[in-house]
Amino acid sequence: MSDRSEHIIVVGAGAAGLMAARELSRAGRTVTILEARERCGGRIHPLPASEFGYPADGGAEFVHGEAPVTRALLREAGLSLQEIEGTQRSFDGTKLSREDRRDPHEAELHAVLRELKDDLTVAEFLRRHFAGEEYAQLRHSIERMVEGYDAADPECASILALREEWMDGGHRVQARIDGGYGALIEFLAAECRRHGPTIRLGCMVSAIAEEGDVLAVRCASGEVHGCDRVILTVPLPLLRDIALPARARVKAAASDDIGFGNVIKIVLRFARPWWRERKQDLADMTFLLSGETIPVWWTRYPGQRPVLTGWFGGPRTAELQGLDPQGLVDAGIESLAAIFGLSREEVARDLVAAAAINWAHDPLARGAYSWATPRTRAAQTMLARADGPVLFSGEALYRGRDMGTVEAALASGLETARLILRA
């Protein structure tokens, strides 16, 4: 199976799938990509530039930290990054103020984290080490970050997996791609087509079966594709929907030990940046935190587009599961009205375009991205093994610090391809 004539099917044309397919095809393998959507990108989802004035990101948006695989691809593609600058603000229910990111107990937190040997859930860690009333604000901040940023459940999330993130206090470079992540996906898809892989859209894989020395990949449409190997790059919740050979089914069961969180994202384009006009000291505001229904907002600063993006992540997004996209937009407008002391009508007056995505409602994602539990590292090790004709890849299998990111997906796809090429 290691010769160059083998045929490999990649299930999923997201970042991991495209990256794996490109690497394999450049090495001479025959590759077919089967994608259930009518577009490439998966949870990278550009919104119409005709509505928002630019290809706004309805899914993944930021490049976090060093991201070496992402940055190398951007250089290849001739795409540039714009680093996030500016100030962070918070709304405490009565007033807007500059966010103070330092907690008086931060040094104590870091000392305990440095000494920690055994993994715990975040909630158990806080109960054991920071249970006193004097730590109430610290606990609230940590739980807010775990739920909002990591889209995770503090009762299940691994403290060791989050330790490095906490130790640097969140002071890492964040950036956006000029043209959005969609431009990177376009480059990867074009690269795949240039090197030979066929990309078949609208092909939802329902089963993979071993038939003698080959695999039969069946699609919901009735199509059947034969191949030597399969790389599954679908979001974790979708693995349960695909019938797999016995060995692969045992490995896939390990995914139950990996967390998978949800995000609601709302993008609002206005005719003018009314928030800057109301308060001159908000001219350089990037992030805005609150306790409102849609708790996190950010601007395009240092860009000047009059766009506000709302974000709600983690298990509490289930509270809004009954809202359709318009209901979510309305919830976003009401949250902004409360934060800025305006009526709903005043906020909505200059609204030009709006989009809202609850990723749990997307049938081909059923959530946004993965996060680690105390059992996740063992699960990732099992899933990443190249010990059969069905392999697994994607952001959930990445064992670096930025699990759940596009960098994680790209790096995982690259590593899976190299595993095959080294075999």
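Computed as a quarter of the hull surface, the mean projected area of the alpha carbon convex hull for region 218-348 stands at 12.2 nm².
Full-extension gain between His140 and Asp118, please, as 0.36 nm times their residue separation minus the C-alpha to C-alpha distance. Show your work: numbers first, answer last.
Values: separation 22, 0.36 × 22 = 7.92 nm, distance 2.30 nm.
Net length gain for the segment: 5.6 nm.
If R₀ is 25 angstrom, what is the calculated FRET efficiency for the pair Ser5 and Arg422, using the beta carbon separation as r and rounding to 0.05?
Working: r = 17 Å, r/R0 = 0.69.
Calculated value: 0.90.
Straight-line reach from Lys117: taking Cα to Cα under 29 Å and skipping same-chain neighbours fewer than 8 places apart, the lysines in range are Lys251.
Simple rule: put +1 on each Lys or Arg Cβ and -1 on each Asp or Glu Cβ in the chain, find the dipole, and look at Met145, Gly14, Ile266; the Cα lying farthest toward the positive end is Gly14. Annotation note: trypsin sites (Lys or Arg not before Pro) in region 78-107 located in DSSP loop regions with a Cβ neighbour count of at most 16 within 10 Å are Lys95, Arg101, Arg102. Taken as Cα centroids, region 256-295 and region 370-404 sit 31 Å apart, rounded to the nearest whole angstrom. Gaussian network model of the chain, Cα springs within a sub-10 Å range: biggest mean-square fluctuation belongs to which of Glu83, Glu115, Glu165? Result for the chain, Cα springs under 10 Å: Glu115 fluctuates most.
In a fully extended conformation the segment linking Glu85 and Arg193 would gain 35.2 nm over its present Cα-Cα distance, using 0.36 nm per residue. By DSSP, the beta bridges lying fully in the chain are antiparallel in about 70 percent of cases. Scalar couplings 3J(HN,Hα) for region 219-234, obtained by applying the Karplus form with A = 6.51, B = -1.76, C = 1.60 to θ = phi - 60°, are 9, 4, 6, x, 5, 10, 10, x, 6, 9, 9, 10, 10, 8, 10, 6 Hz; x denotes Gly and Pro.
Given 37 °C and 0.692 mPa s, compute D for region 17-69 with the Stokes-Einstein relation, Rh being the Kirkwood radius over Cα pairs; round to the nearest whole µm²/s. Display every interim value, and only then the final one.
On the way: Rh = 13.6 Å.
The estimated diffusion coefficient comes to 242 µm²/s.
Among Arg401, Arg366, Arg127, the residue with the largest mean-square fluctuation in a Gaussian network model of the chain, with springs joining Cα atoms closer than 10 Å, is Arg127. For the peptides 241-252, 352-363, the ranking by mean Cβ contacts within 10 Å, running from highest to lowest, is 352-363, 241-252.
Calculate the dipole size of region 102-167 relative to its Cα centre from +1 charges on Lys and Arg beta carbons and -1 charges on Asp and Glu beta carbons; express the result in debye to the nearest 20. Write down the numbers at each step before the final one.
Working: 8 positive and 16 negative charges, 27 e Å.
Value, rounded to 20: 120 debye.
Fraction of C-alpha pairs exceeding 33 angstrom in the chain: 36 percent, rounded to a whole number.
I need the Kirkwood Rh of region 304-352: take the reciprocal of the average 1/r across all distinct C-alpha pairs and report it in angstrom.
Details: mean 1/r = 0.0835 Å⁻¹.
Over region 304-352, the inverse of the mean reciprocal pair distance is 12.0 Å.
Each principal axis of the Cα cloud of region 98-221 was taken in turn, and the coordinate range along them, longest first, works out to 61, 41, 25 Å. For a straight C-alpha distance cut-off of 17 angstrom, the lysines reachable from Lys95 (same-chain residues fewer than eight places away being disregarded) are Lys279. Hull volume per residue, based on the alpha-carbon atoms of region 150-275 and their convex hull, is 222 Å³. In this rough spin-label picture, where each label sits 7 Å from Cα along the Cβ direction, the Val224-Arg127 distance is 5.2 nm.
Dipole magnitude for region 248-334: computed about the Cα centre from +1 point charges on Lys and Arg Cβ and -1 point charges on Asp and Glu Cβ, it is near 400 debye.
For region 102-167, the Cα gyration tensor yields ellipsoid semi-axes of 16, 14, 12 Å (square root of five times each eigenvalue, largest first, whole Å).
Readers should treat all values here as calculations from the given coordinates under stated rules, not as data from a laboratory. The shown structure was predicted, so the numbers you read here are calculated from the model rather than taken from an experiment. Positions of Cβ are backbone-derived with ideal geometry, glycine not excepted, and every protein chain shown enters the neighbour counts.
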